Amino acid sequence: MNLRTATPDTVKILMTNDLRLSVRDVIELYSLRWQIELFFKELKSTLGFHQYQFQGFEAVEGWADLALTTFLYLENYRAQQLARRDLSAEEKRWWQHQRTYGLCQAVRQASEQSELDYLAKRLETPGGICALKRIIRNSFPKEYRTAV
């Protein structure tokens, strides 16, 4: 590519002061660094990493641990889905390419479906309906139960 005829869209500049690195090494290091940047961006935008309101170091550290544990849970959930043998090639591709937000949505949908399945199963019998009513009644604080 000739820099005189290149447009701003076609020129990508990566700079380093380590002259021992080859162009390929610089690009590889930059792509690794970019993955780290994306990781922190997702921690902040999807998992609320930057929204702590604590002043004590231990509280902030706990918040960071919680965000990282959530991220690890989501990645573990992805690994479990990818290990399923009944996955089509398209579904497998979907799971492989999801970022944190998509994984959060998938976990939320699976949880909601599980709750709906639980309710449907309980509604099949009169005893199940009574059990659901009892669970719902007990979910309210005692002081509000008489109003329900």
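What follows is calculated from the coordinates using simple rules that are stated; it is not laboratory data. Computed from a predicted model, the values in this text were never measured in an experiment. Ideal geometry is used to build each Cβ from the backbone, glycine not excepted, and the neighbour counts take in all protein chains shown.
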Next on the checklist: Under 8 Å for C-alpha pairs, at least 6 residues apart: give me the relative contact order for the chain, rounded to a whole percent.
Outcome noted: 13
Checklist outcome for this item: If each K or R counts +1 and each D or E counts -1, the residues other than GLU124 whose Cβ falls under 15 Å of its Cβ total +2
Checklist outcome for this item: With 0.36 nm assigned to each residue of separation and the Cα-Cα distance removed, GLN53 to SER88 gains 8.2 nm
Item to check | Stokes-Einstein D for the chain, Kirkwood Rh over Cα pairs, 20 °C, 1.002 mPa s (µm²/s) | outcome: 102
Next on the checklist: If packing is taken as the average count of other Cβ atoms within 10 Å, what order do 64-74, 32-42 fall into, highest mean first?
Outcome noted: 64-74, 32-42
Next on the checklist: If the reach is capped at under 29 angstrom between alpha carbons, list the lysines near LYS142, excluding any in the same chain fewer than eight residues apart.
Outcome noted: LYS121, LYS133
Checklist entry - In whole Hz, what ³J(HN,Hα) sequence does the stretch 132-144 give by Karplus (6.51, -1.76, 1.60; θ = phi - 60°), x for Gly and Pro? => result 5, 4, 5, 5, 5, 4, 6, 6, 8, x, 3, 5, 9
Checklist entry - How do 97-109, 80-92 rank on mean C-beta neighbours within 10 Å, highest first? => result 97-109, 80-92
Checklist entry - Per 5 Å bin, what is the whole-percent P(r) computed from every C-alpha pair distance within the stretch 56-132? => result 3, 13, 15, 16, 13, 11, 11, 11, 5, 2, 0
